[in-house]
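The values are calculated or read from the model by the stated rules, or taken from the named source; none is laboratory data. Treat the numbers as computed from the prediction; the structure is a model and nothing was measured. Cβ: placed from backbone, ideal geometry, glycine included. Neighbour counts: every protein chain shown. Heads up: the accessible areas ignore ligands, DNA and RNA and are worked out on the full protein's heavy atoms, side chains in. Shrake-Rupley method; radii C 1.70, N 1.55, O 1.52, S 1.80 Å.
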Amino acid sequence: MHIHPQLSILIRGASETLPANIGINQNLWTDRSLDQYGVNGFSPLLTRDSSGTIHVESNTVRDFTLHEFLGIWGESMDSGQIVSNPIQPGESVCLFVNGQSMSPSSDVTFDNQQKILLEIPPNFQPCSAIS
């Protein structure tokens, strides 16, 4: 199995860079619970560069999710924060998949060429889809 979802993170109008080598570099590989699905000694969910492309490279066909990827990275997303960026009172947590708004408490099952956006809008603005 080999697919490539795309993850973008916008924090108050600034783009956050997804680190290269998540699931490859031991310092960027916190949760090892999916290691059995990896190929060539890597996590089944990894990044090779900082483009935002997530490589789902698994020896088994199964659903993999955004929360699993964030866990491997050692990050999370919930109503209180997005990848170590705390939500301030009055701010929103936004999740968009292919331009469609989803509840931030939802988990996203990865699909090939899928576009995922995690956002804390600037200036206490509401969520709005950004393509």
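Things worth noting here:
- Candidates Gly23, Gly71, Gly13, ranked by Gaussian network fluctuation over the chain, Cα under 10 Å, top entry: Gly13
- With θ taken as phi - 60° and the Karplus curve 6.51 cos²θ - 1.76 cosθ + 1.60 applied, the whole-hertz 3J(HN,Hα) list for region 27-34 is 6, 10, 9, 8, 8, 9, 5, 9 Hz, x standing for glycine and proline.
- The charge dipole of the chain, taken about its Cα centre with unit charges on the Cβ of Lys, Arg, Asp and Glu (plus for the first two, minus for the last two), comes to roughly 160 debye.
- Look at where the Cα atoms of region 1-29 and of region 59-119 average out, and the two centres are 11 Å apart.
- Antiparallel bridges, percent of DSSP beta bridges restricted to the chain (to nearest 5): 75 percent
- Projecting label points 7 angstrom from Cα along Cα→Cβ for Gln81 and Ser128 puts them 2.9 nm apart.
- Normalised per residue, the accessible area of the chain is 50 Å², obtained with a 1.4 Å probe and no contribution from ligands, DNA or RNA.
- Remark: region 61-131 carries a charge dipole of roughly 140 debye about the Cα centre, counting +1 on each Lys and Arg Cβ and -1 on each Asp and Glu Cβ.
- Histogram of C-alpha separations across region 7-84, 5 Å bin width, %: 3, 16, 27, 26, 16, 7, 3, 1
- Evaluated with a Cβ-only charge set (Lys, Arg +1; Asp, Glu -1), region 1-65 carries a dipole of roughly 60 debye about its Cα centre, given to the nearest 20.
- Computed P(r) (all Cα pairs; region 64-119; 5 Å bins; percent): 4, 19, 30, 27, 14, 5, 1, 0
- By accessible area, using a 1.4 Å probe on protein heavy atoms only, the chain has 47% of its surface on carbon and sulfur.
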